[in-house]
Amino acid sequence: MADLSIAVRHIGDVAVILPAGFINAHTVREFEEALEGQVQQGRYKILLNCKDLNYISSAGLGAIMGLIETVRENDGDILLSNLQENVFAIFDTLGFTQLYRVFPEEDQALAAVAPERKA
Amino acid sequence: MAAKVDHAQFRLVIPSQTRYLNLVTGLAKRASLVAGLDDATAAKVSIAVDEAVTNVILHAYRGEGEHSVELELRFTEQALEIHIWHTGQGIRSDQLVLPDPKEYIKHPRKGGLGLLLMSRFMDEVQFKADEVSGRNECCLIKKIS
């Protein structure tokens, strides 16, 4: 089994990225390419659904940090949902839960980033 | 008669390549559970080990994959100790400057987070240099409460 696989869905103008497995220094380039690919397509609203993410190291956090200014300068954002306990602990320990909006479920995150979907 | 040991230990030597990170972190997590730590703490130990070994591969060895990284896990009644040795560029504890998380949030940047995770998730993080052998060590200690 691969250490990391990444699925991408587009819901309206939101790119939902679902990393499954482990993001570490070995797999981070694949994760970065998935994020950068959305930005290059002009998609600045990015939701990371982490339901199948077992693990993220500082390499992965750096990849997110490396794009946050670009997406926010373009009226977008990077949101997080469905964090497993140990992944939440990493984000929270480093203060990322103050930098990024975190939601229990994907639907709640989508409603926050694209509120017109609720209608 | 064999000398009495007051702890159990074993060693693993891996090439300095990131493809082996998952193997090492999986081992660290399992070892933490064997030592009596709970699931959440075991996950944190595995992250700290990932960060320490990644630092060795990418920084001490500058990404060169033909070197070795040696790990020793020691199980004592009080703690799980993970010792990581290498012959690359070393750092000493007194040279370290950990980022301030509050400042980091005000001025986000890429990098500098691994040492912070290690220090937050472990009870002790030590860096040592052995001038005789030329080896450098990172020692991670998690106490068993």
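Tabulated values for the structure
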item: Residue B:48 being within 11 Å of chain A (Cβ to nearest Cβ), within 19 Å of residue B:119 (Cα to Cα) and either charged (D, E, K, R) or in contact with an Asp or Glu (Cβ under 7 Å, 6 or more places away or on another chain) (or both); result: no
item: Residue identified as more than 13 Å from chain A (Cβ to nearest Cβ), over 13 Å from the mean Cα position of the chain (by Cα) and not in a loop (DSSP other than H, G, I, E, B) among B:97, B:34; result: B:34
item: Index of the failed condition, residue A:2 passing every other in (1) open to solvent by 10 Å² or more (accessible area, probe 1.4 Å); (2) at pLDDT 95 or above; result: (2)
item: Helices (runs of 4 or more DSSP H) (entirely within the stretch A:25-106) containing at least 3 residues that are away from chain B (no Cβ under 12 Å) and open to solvent by 30 Å² or more (accessible area, probe 1.4 Å); result: A:28-40
item: Given (1) modelled with pLDDT under 95; (2) away from every other protein chain (no Cβ under 11 Å), number of the condition residue B:59 does not satisfy; result: (2)
item: Test result for residue B:98, touching a helix residue (DSSP H, G or I) at 6+ places or on another chain (Cβ under 9 Å), of a type in the set (A, V, I, L, M, F, W, C) and open to solvent by 10 Å² or more (accessible area, probe 1.4 Å); result: yes
item: Qualifying residues in the stretch B:109-143 (those that are open to solvent by less than 40 Å² (accessible area, probe 1.4 Å) and charged (D, E, K, R)) - the one nearest to the other protein chains (Cβ to nearest Cβ); result: B:142
item: Unique residue being out of contact with any helix residue (DSSP H, G or I) (no Cβ under 9 Å at 6 or more places or on another chain), surrounded by 16 or more Cβ atoms within 10 Å (Cβ to Cβ), modelled with pLDDT of 95 or more and not in a loop (DSSP other than H, G, I, E, B) when the list is A:109, A:15; result: A:109
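The values are calculated or read from the model by the stated rules, or taken from the named source; none is laboratory data. What you see is a predicted model; the values in this text were computed from it and never measured. Virtual Cβ from ideal backbone geometry, glycine too; neighbours counted across all protein chains shown. Quick note on the areas: whole protein, heavy atoms, side chains included, nothing else; ligands and nucleic acids left out. Shrake-Rupley method; radii C 1.70, N 1.55, O 1.52, S 1.80 Å.
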